[in-house]
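What follows is a single structure, written as structure tokens, with notes after it.
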Amino acid sequence: MRKKLLALALVAASAGSANAALSQGDLAFTSFNADEDGWAMVALSSIAANTKVYFSDNEWNSTGTAFNTGESFSSWVTGGAAIDAGTVIRFSKIDSSTLLAASVGTLARETVASSANWGLSQSADTLYAYLGTTATAPTTFLAAISSGTFGTATDGSLTNTGLSVGNGAIQLKPSSDYAEYSGARTGQADFAAYKPLVGTIANWNDLGDGSFAANVPNTTAFTISPIPEPGTYAMLLAGLGLIGTMIRRSRSV
């Protein structure tokens, strides 16, 4: 009886959590592989079922108004179930129309007249992840990663994206073929605390130019050690008080 009541108290304390719309930094790059033409990302917030995220390695232009043309657009539909915060998703073989895949959900090419040159370039390239009304009309930029230099005409801009280097945008070595986040994936009190860690290039293992088509990114989930908020403590104490009252009553019978 005591165990059942305690379980109910804990459930009440944690009730009310729900998936929210993604915002900048809620989906963050954790690897980039220009040889295998893939990448990995961590969800730092829960993602609602059937969310659609777009990707493009077309450069966002210097005026911050549109994508350049000549490269590719793709989309990821997360699937019929919500994705828990901390989940790492791998996107692979984007250069292949038959082998491209996501470890969760469905990755597909977007039919855009200007799309060409599928896959990531071995020279300087920038990849953007964003929400939008269409592949070419972003409404919220979630993250970006570049093996070029942000702010140049050839490598892509961050103007009007809401992103900056270290804050949703990762700046790798020039012409890097492979890089991966190598920092902590445990120990933080909440998932938002991982955003600055993932955004700090010192926490990445950047292998630079080379041949890394066979490299497989780390997809170990990120976890937290939450500290209950005061309101949660109050609800838990109320539940424990109820348990104490019921125990006293049972003894008096």
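Using amide H atoms built in the peptide plane, which far-off residues or other-chain residues are under 5 Å from Q188 H to H?
Hits under the 5 Å cutoff: S225.
Express the accessible area of region 132-187 per residue in Å², computed with a 1.4 Å probe while the remaining protein chains stay in the model.
Result: 38 Å² per residue.
Suppose R0 equals 25 Å. What FRET efficiency, 1/(1 + (r/R0)^6) with r the Cβ-Cβ distance, do T111 and S62 give to the nearest 0.05?
0.40
So, taking all protein chains as they sit and a 1.4 Å probe, how much accessible area belongs to K173, in Å² rounded to tens?
K173 has an accessible surface of roughly 100 Å² with all protein chains in place.
Under a plain spin-label model, where a point goes 7 Å from the Cα along Cα-to-Cβ, how far apart in nm are T149 and I224?
3.9
Just to confirm, what accessible area per residue do you get for region 43-95 at 1.4 Å probe, in whole Å²?
Spelled out: the 1.4 Å probe surface of region 43-95, per residue, equals 33 Å².
Each label point is 7 Å from the Cα along the Cα-to-Cβ direction; what then is the distance between the points at S23 and A101, in nm?
A separation of 3.6 nm, rounded to one decimal place.
Taking just the C-alpha trace of region 107-233, give me its Rg and Dmax in Å.
17.0, 56
Whole-Hz ³J(HN,Hα) for each residue in region 177-183, computed from phi via Karplus 6.51 cos²θ - 1.76 cosθ + 1.60 with θ = phi - 60°, x for glycine and proline: what do you get?
8, 8, 8, 8, 5, 10, x
When the accessible area of region 69-176 is computed with all protein chains present and a 1.4 Å probe, what percentage of it is carbon and sulfur?
About 51 percent, which is the carbon plus sulfur part of the accessible surface.
Across region 54-62, in residue order, what do the Karplus-derived ³J(HN,Hα) couplings come to in whole Hz, using 6.51 cos²θ - 1.76 cosθ + 1.60 with θ = phi - 60° and x for Gly and Pro?
So the Karplus estimates, Gly and Pro as x, are 9, 10, 8, 9, 5, 6, 6, 6, 5 Hz.
The values are calculated or read from the model by the stated rules, or taken from the named source; none is laboratory data. Remember, it's a predicted structure, so these values are computed and weren't measured experimentally. We place every Cβ from the backbone using ideal geometry, glycine too, and count neighbours over all the protein chains shown. Please note that ligands, DNA and RNA were not included when accessible areas were found on the heavy atoms of the full protein model with its side chains. Shrake-Rupley method; radii C 1.70, N 1.55, O 1.52, S 1.80 Å.
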